[in-house]
Each structure stands twice: as structure tokens, then as C-alpha cells.
2 protein chains.
Amino acid sequence: MATEFGLAEIEAASRRIAGRVIRTPVLSSPMLDELAKCRVFVKAESLQRTGSFKFRGALNKILAMDPEVRRRGIITYSAGNHGHAVAAAAREVGCPAVIVLPVTAPTIKVDNCRWWGAETVFYDPTSQDREEVARAIAEPRGLELVPPFDDFEVMAGQGTAGLEFAEELVRLDACPDALLVCCSGGGLASGAATAMKARFPDLACHVVEPAGLDKMARSLACGFPQPKPSSPTTIMDGIAGPIAGARPLAVLRGLGATGLTVTDAEAQEAMAVAFRFLKLVLEPGGAAALAAAITKGSSLAGKTVAVIGTGGNVDEDVFADAVAGDARSSARSSGDGS
Amino acid sequence: MATEFGLAEIEAASRRIAGRVIRTPVLSSPMLDELAKCRVFVKAESLQRTGSFKFRGALNKILAMDPEVRRRGIITYSAGNHGHAVAAAAREVGCPAVIVLPVTAPTIKVDNCRWWGAETVFYDPTSQDREEVARAIAEPRGLELVPPFDDFEVMAGQGTAGLEFAEELVRLDACPDALLVCCSGGGLASGAATAMKARFPDLACHVVEPAGLDKMARSLACGFPQPKPSSPTTIMDGIAGPIAGARPLAVLRGLGATGLTVTDAEAQEAMAVAFRFLKLVLEPGGAAALAAAITKGSSLAGKTVAVIGTGGNVDEDVFADAVAGDARSSARSSGDGS
């Protein structure tokens with residue numbers, strides 16, 4: 001198990017998962033640049049296997065395990081992109097997987113995990129702690145936990161997206177001034193920022209979070225992992241996890257990262273922009289960094305901005321609302337225009 | 001100007017446009033494979049600059065021109081993906097461009113052409129022939145026509161999508177049994193089939209057209225370019241052009257290509273599948289080949305199928321209808337389930 005974290009660990013992860021992940025494209029659009037008032041490059045991780053960057057970290061974690069450990073199997077707790085990615089990565093590698101899900105998980109998410117052959121176990125989120133439930137199942141069977149973000153192997157796997165992004169920007173002869181990355185626990189943000197900053201030392205790294213739920217920005221300010229406040233709610237469910245990760249926080253602090261926030265309406269606007277100019281499906285949380293590039297562009301005027309579009313797992317009606325702009329204009333007319 | 005057409009011309013085009021086009025990803029999904037009952041790889045040309053493969057052909061045509069000709073400028077007639085691509089390619093190269101548009105063209109399409117700095121000229125489709133209008137403008141100014149498909153340089157440019165597709169399939173250790181490509185005039189179909197068949201000699205090449213509007217299939221059957229019948233109508237506007245191209249027809253005949261058709265409802269289903277499993281925005285005509293893979297999959301059971309997703313320029317409401325499945329289920333309930 002990795003006990004250090006840096007470019008070498010990300011490069012090792014890249015070799016380990018090579019050929020099993022999609023080298024997602026870096027997209028741009030002069031029309032988008034005009035709108036954002038800066039030069040925007042988008043790494044389209046929504047096109048990654050299982051529809052988000054999460055597959056990279058899950059696969060790297062599983063492949064880095066001792067073969068005997070892997071043979072016994074893995075376990076995780078997540079109803080979202082991480083759970084889906086772990087189930088698919090386990091299938092890819094051929095090891096047993098258990099996904100611990102809340103009884104409230106939507107049927108489609110449960111079905112996704114089962115489709116890949118994973119065993120699903122349910123807990124009651126009102127009375128049970130998901131980590132305790134997972135531990136109780138894992139211990140007698142010797143299952144290894146695949147944590148969603150607070151783990152060097154997972155961070156290194158997610159960091160391979162940043163490594164590819166940096167390589168492609170070099171090929172395009174573009175030198176980014178800023179990296180904008182959607183952030184919840186910080187696994188991707190810490191990994192991608194490490195890889196990108198190694199190639200572009202002057203890069204400013206910004207984590208992008210839902211307005212009012214900027215737990216990583218608050219953690220960066222005080223130095224300790226902060227939990228998510230109980231309110232407000234957000235449609236950016238993919239980046240509304242319970243707490244910032246300790247290891248990602250330490251890495252992001254070391255890189256001098258700072259936070260930006262976006263509103264639900266701004267995320268929806270970014271989904272519509274990605275649909276119109278890039279032909280990409282982004283989920284609300286996966287569009288947060290693009291939303292920040294669009295709304296904060298004036299402070300980055302003339303700069304080159306690297307954005308990671310992190311995921312595309314979104315329900316039809318939520319996507320249709322966003323691209324049609326109905327929900328957005330109603331949010332605006334209710335005063336949400338900050 | 002090229003007077004022959006084959007792999008060498010496509011490879012030359014690939015070198016000419018290198019670094020100026022996006023190397024679009026090849027995507028796949030085990031869930032899609034299960035649905036289609038065959039192994040499907042999708043080359044996502046909707047992610048190409050201007051949202052369709054058309055940028056490749058336009059750029060190659062312009063770059064292959066004599067510099068003196070290019071300096072005078074170019075002209076084309078198209079309100080759709082070709083016009084948009086020509087305007088953007090002219091801007092990329094820095095030459096003047098005139099786009100001849102019907103007075104009935106939607107404002108957004110006119111604005112797109114103007115955004116890239118192209119001059120727009122209008123004609124009345126009820127009383128004027130667009131080619132004659134274009135000629136009358138082009139001759140005194142010495143403008144060079146960029147034809148939409150019936151041109152070896154345009155075909156070679158479009159063929160670079162097939163060249164990249166073949167290279168990526170080799171890298172993935174996949175040997176396709178069939179190529180399915182959306183087809184109207186046949187520029188992409190002829191170019192991509194030439195490139196793919198050079199690498200995979202046993203490949204079966206299928207052009208995919210709207211049901212009842214299969215002008216290329218009819219042209220292949222009789223050996224002469226057939227016009228589009230005046231009915232039925234289709235939502236697949238991108239592949240409902242007026243006539244099959246003579247040069248593409250000759251090439252496709254030489255490759256032994258055959259035709260497949262899909263209904264509007266099947267194209268909408270494929271748009272929903274691309275949204276759900278691949279996170280791709282496809283326009284109706286751009287989803288036709290994927291629709292054929294899904295509906296004709298049983299005759300390709302266990303086979304490996306290469307599909308080109310050709311474009312993603314679709315209005316919000318058309319896309320929302322398709323992914324929500326409303327229009328589709330009403331089409332089905334009205335008996336359209338063939």
C-alpha cells in the first residue's frame with residue numbers, strides 16, 4: 001500500500017491501468033471561450049467507463065492490492081458514481097465485490113451495481129453508520145475496503161486524469177494558468193492538481209464546490225477536514241459527500257489550492273453550455289468546474305483555464321430541465337443570480 | 001486537386017489536418033453491448049470541432065487548395081453541419097468564406113456561420129437553385145467551391161475519421177466484422193469505409209439511411225446516383241440531403257457496401273441509449289448508425305460492430321423528447337415498431 005503521494009505514484013497508477021481506461025478527450029470551443037471570457041479546455045471524464053473519473057481510482061486501488069487480498073474480494077459503501085465504478089472495476093479484474101447501499105438508493109443505482117455482478121447489502125441511513133455496516137461484513141470475509149477518496153492509491157488513480165490532461169495540453173501547446181476541478185472528498189482534486197502542477201509549476205489550483213457546501217474550502221482555511229453542513233441542499237449530488245478527505249486536504253494545502261463555489265442555477269447553465277458547445281452530457285456536480293469557469297471567467301480574463309468535467313450520470317428529466325433552461329430561469333427570477 | 005481516391009489520399013489528408021482536428025474517442029459500454037446483442041464500438045465524431053465530422057473534410061479541402069486560390073476565398077451552400085464546418089475551417093485557415101443559405105434557414109444556423117466571420121448570402125429555395133446561386137457569386141470573385149460530399153479531397157478528409165477508428169480498434173485488439181455509418185451524400189461513408197477496409201479486409205460496410213429515404217442503397221442497387229424521394233419526412237435532417245454523390249457511390253460500390261435503414265423512432269431510441277450509456281449528445285441523423293446496431297444487432301449477434309456517431313447538433317427540445325422517450329413511445333404505440 002502506498003504511504004507517500006506524488007507524481008511518481010500517479011505515473012505508476014497510469015502504467016497499472018493503461019489500456020483499461022478510456023483516454024478521454026480534451027475539448028474546447030471558441031464559442032465557449034467567448035462566453036467565459038477566457039480560454040477553456042475541458043477534460044471530458046464523463047466519457048470514462050461507468051460515466052465518471054471514479055473508475056480510474058477504483059481500478060488502480062484493486063490492481064495495486066496483493067493478489068491474495070484481491071482474491072478474497074473488496075467492499076465499498078456508495079450509492080453513487082464510486083459504487084458503480086468499484087462494481088465495474090471488480091468485474092474488469094475478476095474479483096468479488098460487495099456494495100453497501102442505503103435502503104433509500106434509487107433502483108437504477110442498485111441495478112447498476114448488480115449488473116456488474118456485485119453483491120448488494122442494504123443499511124438504514126437513519127439508524128446505521130455505513131462504515132460500521134461495511135466493517136461488520138468485511139471482517140469475517142476478509143474483504144478489503146475501497147475508500148471513495150481518502151486513500152493514496154485511489155487519489156493516484158484519479159490523478160491519472162490530470163496526467164493525461166497535462167500531456168494533451170502540452171501537445172496542444174497550451175499552458176494553463178488555472179485548474180478548476182469539481183470537489184467533494186478531494187480524491188480527484190488532489191490527484192489531478194498534483195499531476196498538473198508537476199508539469200505547470202505556476203498553475204493556480206481551485207477546487208469547485210456547491211455554494212454553502214464548500215467543505216474543502218473551509219478545510220483548507222482551518223487545516224482540518226470539515227463535514228458538510230446539514231443545509232442547504234443541492235442538485236450537485238456527486239459533490240455533496242459528508243466530509244473532506246484528510247489526505248486530499250493535506251495534498252491540496254501543500255499545493256496552495258483555494259476554493260470557488262457555484263450555485264445550482266450556475267451548474268445547470270454549465271450543463272446547457274456543455275450540451276450546446278461541446279456535445280457533452282454532464283451531471284450537475286460534474287459541471288461545477290465548468291460553471292466556475294463561465295461565471296468566474298472575468299477574473300481569469302485572457303487566461304487559459306483547465307476544467308475537468310467529472311461525470312455524466314444524470315437522470316433524463318434533470319438533464320432536460322437544465323438544457324431547456326426552465327429550471328434555470330425560474331431560479332434566476334427567484335433571485336439566484338449571484 | 002486529387003483525381004484518385006484511396007488509402008494514400010486519406011493518409012495525406014490525415015497529415016494535412018493533424019493537430020487541427022480533435023482525435024475523437026472510441027467509446028463502448030458492456031450495457032450497450034447487452035442491449036444490441038453484439039460488441040459495439042462508437043467513434044464519437046459529435047465531439048469533433050463544430051459538432052460533426054464535417055470539419056475534417058472542409059479543412060482538408062481548404063488546406064489542399066493552391067494558396068492563391070485559397071487567398072481569394074471559398075464558397076459553399078449548406079444551412080447544416082457542412083456550412084458550419086466550412087465557416088469554421090475557413091476561419092482556422094484564415095481565408096474568406098461565403099455561405100449560401102436558404103431564406104428559411106433557422107436564425108441559429110445563420111448566426112453560427114456569421115460567428116466564424118463568414119459572409120452569408122440568401123436564396124429562395126422555392127424559386128432558385130442553390131448551386132446556380134453559388135456559381136453566380138463565385139465566378140466574378142474567383143471563389144472556390146467546397147462541395148459537401150462529391151469531391152475526393154472532402155471524402156479523404158472525412159475518411160480520416162475511419163483511419164483513426166481503425167488505429168484505435170487495433171490498439172484495443174478488436175477486429176470489427178462490420179462498419180455502420182450514417183449516410184446521405186456518402187462523403188463520410190466512402191472515406192471511412194475505404195480507410196477501415198484497408199486495415200480490416202473482411203469488413204462488411206453498411207450505409208445507414210432513414211427508412212424510405214435510402215437513396216444511397218438505391219443508388220448502390222442500380223449503379224447511378226439516386227435523388228431523395230419527396231416523401232416521407234424524417235427528423236434525421238443531417239442525412240436527408242437531395243442526392244447520393246457520384247464519387248462516393250463509385251467508391252462504396254467498389255467496396256461492396258450495402259444499405260440498412262432505421263425509423264425516426266429507432267433514431268430517437270439510439271439518442272437515448274447514447275445519452276444513458278455513453279454520455280454522448282447525438283443528433284437524430286448522427287444516431288442512425290447506432291440505431292442500426294441496436295435494431296439489427298441480432299443479425300450481427302456475437303459480432304464486433306464499428307459505429308460512427310457522426311454529429312451532435314440538435315435542438316434542446318428535440319434532444320429532450322428523445323431521451324425522455326415520450327415521442328418514441330407515442331411513435332411505437334402508433335405502430336412504428338418494425
Counting only residues that are surrounded by 24 or more Cβ atoms within 10 Å (Cβ to Cβ) and either of a type in the set (V, I, T) or within 21 Å of B:S190 (Cβ to Cβ) (or both), the stretch B:51-74 contains a total of 12
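Tell me which residues, restricted to the stretch A:33-50, are part of a loop (DSSP other than H, G, I, E, B), open to solvent by less than 10 Å² (accessible area, probe 1.4 Å) and more than 14 Å from chain B (Cβ to nearest Cβ). If you could, list the steps in order and put the result at the bottom.
Going residue by residue through the stretch A:33-50, those that are part of a loop (DSSP other than H, G, I, E, B) are A:37-38, A:48.
From what is left, the residues that are open to solvent by less than 10 Å² (accessible area, probe 1.4 Å) are A:38, A:48.
The answer is A:C38, and nothing else.
Among the candidates A:V170, A:V133, A:V121, single out the residue that is assigned to a helix (DSSP H, G or I), of a type in the set (A, V, I, L, M, F, W, C), farther than 17 Å from A:A58 by Cβ and not assigned by TED's automatic domain parsing to the domain that holds A:L260. Step through it out loud before you land on a result.
Details: A:V170 fails: not assigned by TED's automatic domain parsing to the domain that holds A:L260; A:V121 fails: assigned to a helix (DSSP H, G or I).
Sole residue among the options that is assigned to a helix (DSSP H, G or I), of a type in the set (A, V, I, L, M, F, W, C), farther than 17 Å from A:A58 by Cβ and not assigned by TED's automatic domain parsing to the domain that holds A:L260: A:V133.
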Those residues of the stretch B:16-32 which are open to solvent by 40 Å² or more (accessible area, probe 1.4 Å) and more than 16 Å from A:F41 (Cα to Cα) amount to B:R16, B:A18, B:S28, B:P30
When the residues of the stretch B:143-181 are narrowed to those that are closer than 24 Å to B:D214 by Cα and open to solvent by 10 Å² or more (accessible area, probe 1.4 Å), which ends up farthest from the chain's Cα centre (by Cα)? B:D177
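Taking A:I99 as the residue in question, decide whether it is more than 14 Å from every other protein chain (Cβ to nearest Cβ), without any contact (Cβ under 8 Å) to a residue 40 or more places away in the chain and not in a helix (DSSP H, G or I). Lay out the reasoning, then the answer.
Numbers: more than 14 Å from every other protein chain (Cβ to nearest Cβ): yes; without any contact (Cβ under 8 Å) to a residue 40 or more places away in the chain: yes; not in a helix (DSSP H, G or I): yes.
Yes, satisfied.
Residue under question is A:R56, and the condition is that it be away from chain B (no Cβ under 14 Å) and within 26 Å of A:A292 (Cβ to Cβ); does it hold? Spell out the reasoning first.
On the way: away from chain B (no Cβ under 14 Å): yes; within 26 Å of A:A292 (Cβ to Cβ): yes.
When the stated conditions are applied, A:R56 passes them.
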Taking the stretch B:200-233 and keeping only residues that are modelled with pLDDT under 95 and either surrounded by 13 or more Cβ atoms within 10 Å (Cβ to Cβ) or among the small types (G, A, S) (or both), one is left with B:K228, B:S230, B:S231
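Quick one: would you say A:K279 is of a type in the set (K, R) and at pLDDT 95 or above?
Spelling it out, A:K279 is indeed of a type in the set (K, R) and at pLDDT 95 or above.
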Count of residues meeting criterion [of a type in the set (D, E) and within 22 Å of the chain's Cα centre (by Cα)] in the stretch A:66-123: 2
Set B:I99, B:I108: member being in the same structural domain as B:N81 (by TED's automatic domain parsing), open to solvent by 70 Å² or more (accessible area, probe 1.4 Å) and either aromatic (F, W, Y) or farther than 30 Å from B:A198 by Cβ (or both): B:I108
Selection within the stretch B:240-267 - surrounded by 22 or more Cβ atoms within 10 Å (Cβ to Cβ) and modelled with pLDDT under 95: B:G241
Which pairs do you get when a residue that is closer than 25 Å to B:R15 by Cβ, found in the stretch B:62-87, comes within reach of a residue that is among the hydroxyl-bearing types (S, T, Y), reach meaning Cβ atoms under 6 angstrom, with the pair 6+ apart or on two chains? B:N81/B:S52; B:H84/B:T50; B:A85/B:T50; B:V86/B:T76
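Evaluate the following for B:T24: is it hydroxyl-bearing (S, T, Y), at pLDDT 95 or above and not in a loop (DSSP other than H, G, I, E, B)?
Details: hydroxyl-bearing (S, T, Y): yes; at pLDDT 95 or above: yes; not in a loop (DSSP other than H, G, I, E, B): no.
Answer is no for this residue.
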Just a yes or no: is a residue in the stretch B:19-29 farther than 30 Å from B:T304 by Cβ and either more than 13 Å from chain A (Cβ to nearest Cβ) or polar (S, T, N, Q) (or both)? no
Residue hits (the stretch A:182-210; under 18 Å from A:A221 (Cβ atoms) and β-branched (V, I, T)) are A:V207, A:V208
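Evaluate the stretch B:78-89: report whether one residue or more is within 14 Å of chain A (Cβ to nearest Cβ), open to solvent by 10 Å² or more (accessible area, probe 1.4 Å) and more than 22 Å from B:R130 (Cα to Cα). So that I can check it myself, show each step before the final result.
Initially, the stretch B:78-89 is screened for residues within 14 Å of chain A (Cβ to nearest Cβ), giving B:81, B:84-85, B:87-89.
From the residues that got through so far, the ones that are open to solvent by 10 Å² or more (accessible area, probe 1.4 Å) too are B:81, B:84.
Checking the rest, the ones that are also more than 22 Å from B:R130 (Cα to Cα) come to none.
No, there is no match, as no residue in the stretch B:78-89 is within 14 Å of chain A (Cβ to nearest Cβ), open to solvent by 10 Å² or more (accessible area, probe 1.4 Å) and more than 22 Å from B:R130 (Cα to Cα).
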Just name the residue that is nearest to A:D317 (Cα to Cα) out of those in the stretch A:268-286 that are open to solvent by 10 Å² or more (accessible area, probe 1.4 Å) and away from chain B (no Cβ under 12 Å). A:Q268
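The values are calculated or read from the model by the stated rules, or taken from the named source; none is laboratory data. The shown structure was predicted, so the numbers you read here are calculated from the model rather than taken from an experiment. Backbone-built Cβ (ideal geometry, glycine too); neighbour counts: all protein chains shown. Side chains included, ligands, DNA and RNA excluded: accessible areas come from the protein's heavy atoms. Shrake-Rupley method; radii C 1.70, N 1.55, O 1.52, S 1.80 Å.
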